[in-house]
Amino acid sequence: MMKVTLLGTGTSQGVPVVGCQCDVCQSADPRDKRLRTSAFVEVDGVHLLIDTGPDLRQQLLRERITDVDAVLLTHEHKDHLAGLDDIRPIYFRRKRPMDIYGMQRVLNVVRKDYDYAFKEHPYPGAPSFQLHPIRHESFFVGNVEIQPVQVRHLTLPILGYRIGKFAYITDASFVADSEMALLDGVEVLVVNALHHEKHYSHFNLEQALQFVEKVGPQRAFLTHSSHHMGLYADVEKTLPPHVTLGYDGLQFTIDK
Ligand SMILES: [Zn+2]
Ligand SMILES: [Zn+2]
Ligand SMILES: [Zn+2]
């Protein structure tokens, strides 16, 4: 059994947007509050954190997450990376470098932005990271096999991840047909849906729903949404029955 928790489901500025007076940003519905996009996957005793955005500390506390075996990075944008230092309490407790998987380009940014963690004699409070560059080939964390799925974010190649019958894709604006075979047999899909208007670097709702149709999962959850998506309660009513607008803290299980 695999358990997935959506830690955050908001686009880069989060929802509410600082200073915004719109209905969504002023909504009292907790499902209209979106921290930056991230997810936590528990499978076969392995704990995987997908992305470490700027809200990571709050997300780990909210979900009472005590253990992370590996971080899987989708890409280097700050809304997916800027909270990496907040993994420190878990590193301190485990006393071994945190394994981080991502494309070489993304890991280069980790090395630059968190240079203090890579010093020969780091400051005692610094975290320690073990970087694992990945490309197209699947890899293992413990006995869990993970298949990277390459998608495009405007022109930037970035990664989604498939674990068993589950696939997680965020910040995609295009998925090549050549990658679709990697999504064969996916039963539960998380995919990004920004809002209703067309956008240069993210699927809008219509494109996300088309992508869901193409993959053909039994259930799909939308993530990385902006305040322009509308109120959760309104949007949810318009979606096909097997598609749910994701919200922070949403959990689901998958029979691998
Ligand atoms: Zn993003
Ligand atoms: Zn707003
Ligand atoms: Zn991005």
task = Find the relative contact order for the chain and round it to a whole percent, using C-alpha pairs within less than 8 Å whose residues are 6+ positions apart.
result = 21
inquiry  = Counting only other residues whose beta carbon sits under 10 Å from that of residue 23, what net charge do I get with K and R as +1, D and E as -1?
reply    = -2
query = If amide H atoms are built 1.01 Å from N in the plane of the peptide, which residues on other chains or at least 5 residues away come under 5 Å of the amide H of residue 149?
reply = 160, 161, 162
request  = For segment 89-152, give the share of DSSP beta bridges that are antiparallel, in percent and rounded to the nearest 5; count only bridges with both residues there.
outcome  = 40
query = Ordered by packing density, taken as the mean number of other Cβ atoms within 10 Å over each peptide's residues, highest first, how do 145-154, 173-182, 112-121 rank?
reply = 145-154, 173-182, 112-121
message = Under 8 Å for C-alpha pairs, at least 6 residues apart: give me the relative contact order for segment 17-110, rounded to a whole percent.
response = 24
Segment 31-41 - phi-based ³J(HN,Hα) in whole Hz, Karplus 6.51/-1.76/1.60, Gly and Pro as x = 6, 9, 9, 10, 6, 5, 5, 6, 8, 10, 10
task = Please label the shape of segment 1-87 as rounded, prolate or oblate, based on the square roots a ≥ b ≥ c of the eigenvalues of the alpha-carbon gyration tensor (a/c under 1.5 means rounded; beyond that, a/b larger than b/c means prolate, else oblate).
result = prolate
ask   = Any idea what angle helix 205-215 forms with the longest principal axis of the chain, computed on alpha-carbon atoms, 0 to 90 degrees, nearest 10?
value = 70
query = Hey, how many Å between the Cα centroid of segment 100-142 and the Cα centroid of segment 178-256?
reply = 29
remark   = Reduced to Cα centres, the span from segment 44-96 to segment 9-40 in Å works out to 20
task = Tabulate in residue order the Karplus-calculated ³J(HN,Hα) for segment 161-175, using 6.51 cos²θ - 1.76 cosθ + 1.60 with θ = phi - 60°, rounded to whole Hz; enter x for Gly and Pro.
result = 9, 10, 10, x, 8, 10, 9, 10, 10, 10, 6, 7, 10, 7, 10
remark   = So, relative contact order of segment 18-72 in percent, Cα under 8 Å, 6 or more apart, is 28
task = Give the accessible surface of the chain per residue, rounded to a whole number of Å², with probe radius 1.4 Å and ligands, DNA and RNA excluded.
result = 45
task = Could I have the simple spin-label model distance between residue 96 and residue 199, label points 7 Å from Cα toward Cβ, reported in nm to one decimal?
result = 3.8
request  = Would you grab the residues whose amide H sits under 5 Å from the one on residue 221? Only those 5+ places off in sequence or on another chain, please, with H modelled 1.01 Å from N.
outcome  = 189, 190, 191, 244
note = Diffing segment 76-87: the Karplus 3J(HN,Hα) column from phi (6.51, -1.76, 1.60, θ = phi - 60°), in whole Hz with x for Gly and Pro, holds 8, 4, 4, 5, 10, 10, 4, x, 3, 4, 6, 7
inquiry  = With angles folded into 0 to 90 degrees, how steeply does helix 104-113 sit against the dominant principal axis of the chain? Use alpha carbons for both and round to 10.
reply    = 70
request  = Run the accessible area of segment 42-177 with a 1.4 Å probe and give the carbon-and-sulfur part as a rounded percent.
outcome  = 51
key: From the C-alpha gyration tensor of the chain, square roots of 5λ in Å   = 28, 21, 17
Lys pairs under 27 Å by Cα in the chain, provided they are eight or more residues apart or on distinct chains = 23
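The values are calculated or read from the model by the stated rules, or taken from the named source; none is laboratory data. None of these values were measured; they are calculated from a predicted model. Note that we place each Cβ from the backbone using ideal geometry, even for glycine, and neighbour counts take in every protein chain shown. Side chains included, ligands, DNA and RNA excluded: accessible areas come from the protein's heavy atoms. Shrake-Rupley method; radii C 1.70, N 1.55, O 1.52, S 1.80 Å.
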